[in-house]
Amino acid sequence: MRNILGIGAGYVGGPTMAVIADQCPEHKVTVVDINHAKIDAWNSDQLPIFEPGLDDLIQRVRGRNLFFTTDVEQAIREADIIFVSVNTPTKTYGEGAGLAADLQFWEKTARQIREFSSESKIVVEKSTVPVRTAVAMERILNDKDSDLHFDVLSCPEFLAEGTAIRDLEEPDRVLIGGRHETESGRAAMQTLHDIFAHWVPPERILHSNVWSAELSKLASNAFLAQRVSSINAISAICEKTQADISEVSRAIGLDQRIGSRFLNASVGFGGSCFKKDLLNLVYLCRFYGLEEAAEYWMWVVKFNEYQMNRFVDRILRKMFNTINGKRIVLFGFAFKANTGDTRESPAIHVTHRLLEERAEVVITDPRAIPNARKDLQGCNATFCEDPYEAVQGAHAIAVMTEWDLYRQLDYQRIYDAMEKPAFVFDGRNILDHQGLFEMGFHVFPIGKQALSHFSNR
Ligand SMILES: NC(=O)C1=CN([C@@H]2O[C@H](COP(=O)(O)OP(=O)(O)OC[C@H]3O[C@@H](n4cnc5c(N)ncnc54)[C@H](O)[C@@H]3O)[C@@H](O)[C@H]2O)C=CC1
Ligand SMILES: O=C(O)[C@H]1O[C@H](OP(=O)(O)OP(=O)(O)OC[C@H]2O[C@@H](n3ccc(=O)[nH]c3=O)[C@H](O)[C@@H]2O)[C@H](O)[C@@H](O)[C@@H]1O
């Protein structure tokens, strides 16, 4: 039996450690966090995050070989292997503000590990960190005055929210970056490999040097974000030319070199990581004097901002250049479906812009209203669980999140409840546009021809 510890009980730490506990019943897995309320929630029936399949998983393993605690000191003392999944947000102060990753939580964790350890341990970077962070960690951990030795491995996490449990149980790959050149480095990599080998086929467990593993994580998110910005750039030209983005996505996605996934045009990408990791990559490129590479990745972020603004500009233009006093209902506030997470959600930016135009903004979402309330503290938006109630007297609906629920609503009932002309701006292209148009709505999808009852004159 091994004692495995996870530090950080957030969107990554909680689900990741739960899957390890489930798949490795002979090991004891402990998860610690400095946030007491979060640990209390993990120990209750109201988990701190919503993720399909998570409740059942936690029921199965909690108290068996998975334990949540705030006792950092004891947990570190007992652990053989420590996975660190603390937050690494964009720095907001000093050198690199607005671009670089803020590693203060990571460094504090490393110092705690050193302080409370009386035996050598393996430390695994699960958090997304800048390339070469492991060197700093090794230097902090491997104090010259101590006989203890810490091997630092990079094992970046690739799960996506909303599908986290499936992604963890059936990963495309697990990446283990370590120091092949030393005996203890090789042994540490093998120990981590053996944990994942409980359920991940060996050909999907890749070994590399630490720097490649760290950089692969930033590169992977940069490519995914770039793909969304690329399809969104094509959506803009579709709207001008009567090409249809769904038809274009399908056509290009059938080329096996391109692939069909992740080609959905949208109001823009959100989530806690794409922008943060792109900015971090930009910072690193600049740090190494690669100005052109930095500019290249910066454009992915800039284009995403343009796409969100384009969406609001269109609402304004189509609603006769004024939305002052008009009730606009956002269908969805989460940054994607099947999560309550709203970090960097395009809905936040869209709400602020609509409020600047003095619209009356009403927000509905099946999971994200508690987070939306926090994001919009001090703003004049209202929240409404029931979409039918939200649309009473509304002038427009803007679909922000691709929840299935919104496909299944009774749109005739909604149309009847709204002011006329009634507008739909589908920021996710999930609704039946023709059907809505036939009911009387004026429909504005992304990257497709508008279906409007007004003549073009
Ligand atoms: N959210 C996601 O889908 C993914 C996130 N990542 C990366 O994983 C890392 C964590 O992300 P999230 O789980 O979303 O963050 P999160 O904010 O949900 O969770 C981080 C947790 O670490 C805790 N923490 C901070 N310092 C601590 C300390 N010294 N001791 C104990 N606990 C401490 C915080 O209280 C918080 O609960 C980030 O680097 C992120 O880039 C990677 C893949 C997916
Ligand atoms: O490092 C991370 O945090 C994670 O970031 C993303 O996962 P996540 O942000 O949870 O969700 P995605 O499914 O990637 O969606 C990100 C954003 O892009 C948008 N998106 C995605 C796909 C698409 O075709 N179109 C589109 O607009 C989504 O709506 C969402 O706002 C990556 O997919 C994960 O591999 C990675 O581990």
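The values are calculated or read from the model by the stated rules, or taken from the named source; none is laboratory data. These numbers were taken from a predicted model, which means no experiment stands behind them. We place every Cβ from the backbone using ideal geometry, glycine too, and count neighbours over all the protein chains shown. Accessible surface is based on the protein model in full, side chains and every heavy atom, while ligands, DNA and RNA are left aside. Shrake-Rupley method; radii C 1.70, N 1.55, O 1.52, S 1.80 Å.
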Worksheet item: Is it the case that region 173-196 has a residue that's at pLDDT 95 or above, touching a helix residue (DSSP H, G or I) at 6+ places or on another chain (Cβ under 8 Å) and of a type in the set (Ser, Thr, Tyr)?
Response: no
Fill in: Out of 143, 167, 147, sole residue that is within 13 Å of ligand 1 (Cβ to nearest atom) and more than 26 Å from residue 285 (Cβ to Cβ)
167
Practice prompt. Looking only at region 192-224, count how many residues are farther than 13 Å from residue 171 by Cα, of a type in the set (D, E, K, R) and touching a residue at least 12 places away in the same chain (Cβ under 8 Å).
Written response: 2
Discussion item. For region 415-457, give me the residue count where each residue is in contact with an Asp or Glu (Cβ under 6 Å, 6 or more places away or on another chain) and among the hydrophobic types (A, V, I, L, M, F, W, C).
Written reply: 1
Worksheet item: Given (1) more than 16 Å from ligand 1 (Cβ to nearest atom); (2) in a helix (DSSP H, G or I); (3) not aliphatic (A, V, I, L, M), where does residue 283 come up short, assuming only one miss?
Response: (1)
Practice prompt. Please tell me if residue 29 is within 9 Å of ligand 1 (Cβ to nearest atom) and in contact (Cβ under 8 Å) with a residue 24 or more places away in the chain.
Written response: no
Worksheet item: Which members of region 22-62 meet the condition of being in a loop (DSSP other than H, G, I, E, B), on the phi < 0 side of the Ramachandran plot and within 16 Å of ligand 2 (Cβ to nearest atom)?
Response: 49, 50, 51, 52
Worksheet item: Out of (1) within 16 Å of ligand 1 (Cβ to nearest atom); (2) of a type in the set (Asp, Glu); (3) surrounded by fewer than 16 Cβ atoms within 10 Å (Cβ to Cβ), the odd one out for residue 416 is which?
Response: (1)
Worksheet entry | Residues located in region 177-226, provided they are open to solvent by 50 Å² or more (accessible area, probe 1.4 Å) and either closer than 30 Å to residue 307 by Cα or within 16 Å of ligand 2 (Cβ to nearest atom) (or both) | 204, 206, 215, 223, 224
Discussion item. Looking only at region 429-446, how many residues end up being surrounded by fewer than 23 Cβ atoms within 10 Å (Cβ to Cβ) and within 26 Å of residue 162 (Cβ to Cβ)?
Written reply: 6
Response to the item:
Of 14, 8, 63, 53, the only residue that is under 18 Å from residue 111 (Cβ atoms) and either at pLDDT 95 or above or in the same structural domain as residue 341 (by TED's automatic domain parsing) (or both) is 8
Response to the item:
Within region 211-258, the residues that are closer than 30 Å to residue 124 by Cα and more than 16 Å from ligand 1 (Cβ to nearest atom) are 211, 212, 226, 227
Worksheet item: Of the residues 15, 89, 52, which single one is closer than 23 Å to residue 160 by Cβ and buried (at least 24 other Cβ atoms within 10 Å of the Cβ)?
Response: 15
Discussion item. Kindly evaluate residue 277 against the criterion of being away from ligand 2 (no atom under 13 Å from the Cβ) and either surrounded by fewer than 22 Cβ atoms within 10 Å (Cβ to Cβ) or part of a helix (DSSP H, G or I) (or both).
Written reply: no
Worksheet item: Which ones in region 63-105 are in a strand (DSSP E or B), in contact (Cβ under 8 Å) with a residue 40 or more places away in the chain and farther than 17 Å from residue 278 by Cα?
Response: 66, 68, 81, 82, 83, 84
Discussion item. For region 213-220, check the following and say yes or no: at least one residue is within 30 Å of residue 335 (Cα to Cα) and polar (S, T, N, Q).
Written reply: yes
Discussion item. The conditions are (1) surrounded by 19 or more Cβ atoms within 10 Å (Cβ to Cβ); (2) more than 19 Å from the chain's Cα centre (by Cα); (3) closer than 30 Å to residue 91 by Cβ, and residue 272 fails exactly one of them. Which is it?
Written reply: (2)
Worksheet item: Can residue 250 be described as outside any helix (DSSP H, G or I) and without any contact (Cβ under 8 Å) to a residue 12 or more places away in the chain?
Response: no
Item to complete: Working only within region 163-208, note down all residues that are over 30 Å from residue 403 (Cβ atoms) and β-branched (Val, Ile, Thr).
Response: 174, 176, 182, 191, 195, 200, 205
